[in-house]
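Everything on this sheet refers to the single structure shown next.
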Amino acid sequence: MERVTHLDLANLTIREVNQFLHHELDASQTAQVDIQNPDGKHSIAAGMDVDVTVNILGHAGYFVAGMNKQATVTIHGNVGWSVAENIMSGTVRVTGHASQCTAASGHGGLVVIEGNASSRCGISMKGCDIVVRGDVGHFAGFMAQAGRLVVCGDAGPHLGDSLYEAILYVRGNIASLGADAQQQEMTPDDIQALSELLAASGIEAEPHEFKKVASARRLYHWNATERQEY
């Protein structure tokens, strides 16, 4: 049987929990770690670099599962700012809602928000995939350089502002597009990619119902002779 280790933040500090996850986990031959009583604490399971399942059993605070590599981390509740910030690989799932800056600067891996995500979801993402079952707030995908953001609900104002090569898919209403973002035609490749992302996230939705937003590529080069109004 796979070994499950229980860590209780009612009795342990964040430093002690992360010390176990970073330095003692491999030797313990643990396949799953259940962290109890997170009670909104910050930086839980940050810096993971091992193929293990981590369950955070309750609401958590800022920078949860930041810099994740390999691990599959599920927060069974809501999270504060910057969940999965700078994620490199693995999967981070939130069963509730997420505050600002979900997966900021994420390089790889998959982030799933089963509720809503607040403003600047996917800010400056660099290759990760984000799937949100609900809505996202303003400036989602701001300065996103690579990767894909899927929004099954509505998107707030200034979606994709200063977008580079990331692709955004939105099923619901878009309040407004940001500078240099434009809606583009969904191609068969987009439908295929979106189908795979939805399947990987475990969220059911019809890919043909989504709209695609990508960069118009007018911000790539600054022209001092123009007024630069977009």
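Key figures for this structure:
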{"item": "Test set (1) surrounded by fewer than 20 Cβ atoms within 10 Å (Cβ to Cβ); (2) assigned to a loop (DSSP other than H, G, I, E, B) - N55 fails condition number", "result": "(2)"}
{"item": "Positions within region 58-78 being assigned to a strand (DSSP E or B) and under 14 Å from I35 (Cα atoms), in sequence order", "result": "T72, V73, T74, I75"}
{"item": "Subset of region 79-98 that is surrounded by 20 or more Cβ atoms within 10 Å (Cβ to Cβ) and assigned to a loop (DSSP other than H, G, I, E, B) - its residue that is farthest from the chain's Cα centre (by Cα)", "result": "G90"}
{"item": "Residue tally, condition closer than 10 Å to V213 by Cα and of a type in the set (S, T, N, Q), over region 133-191", "result": "3"}
{"item": "Region 175-221: number of residues that are touching a residue at least 60 places away in the same chain (Cβ under 8 Å) and in contact with a Pro (Cβ under 8 Å, 6 or more places away or on another chain)", "result": "1"}
{"item": "Subset of region 163-213 (residues that are within 19 Å of the chain's Cα centre (by Cα), small (G, A, S) and under 20 Å from S124 (Cα atoms))", "result": "A166"}
{"item": "Residue satisfying condition, being surrounded by 18 or more Cβ atoms within 10 Å (Cβ to Cβ) and over 19 Å from R93 (Cα atoms), within set D135, D129, D161", "result": "D161"}
{"item": "Contacts under 6 angstrom Cβ, first residue in region 98-114 being touching a residue at least 40 places away in the same chain (Cβ under 8 Å) and in the same structural domain as E165 (by TED's automatic domain parsing), partner surrounded by 22 or more Cβ atoms within 10 Å (Cβ to Cβ) and assigned to a strand (DSSP E or B), 6 or more apart", "result": "G106/C128; G109/C128; L110/D129; V112/V131"}
{"item": "Residue count, region 15-33 (criterion: surrounded by 17 or more Cβ atoms within 10 Å (Cβ to Cβ) and part of a strand (DSSP E or B))", "result": "2"}
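The values are calculated or read from the model by the stated rules, or taken from the named source; none is laboratory data. Just so it is clear, the structure is predicted and the values come from calculations on it, not from any experiment. Note: ideal-geometry Cβ built from the backbone for every residue, glycine included; neighbour counts use all protein chains shown.
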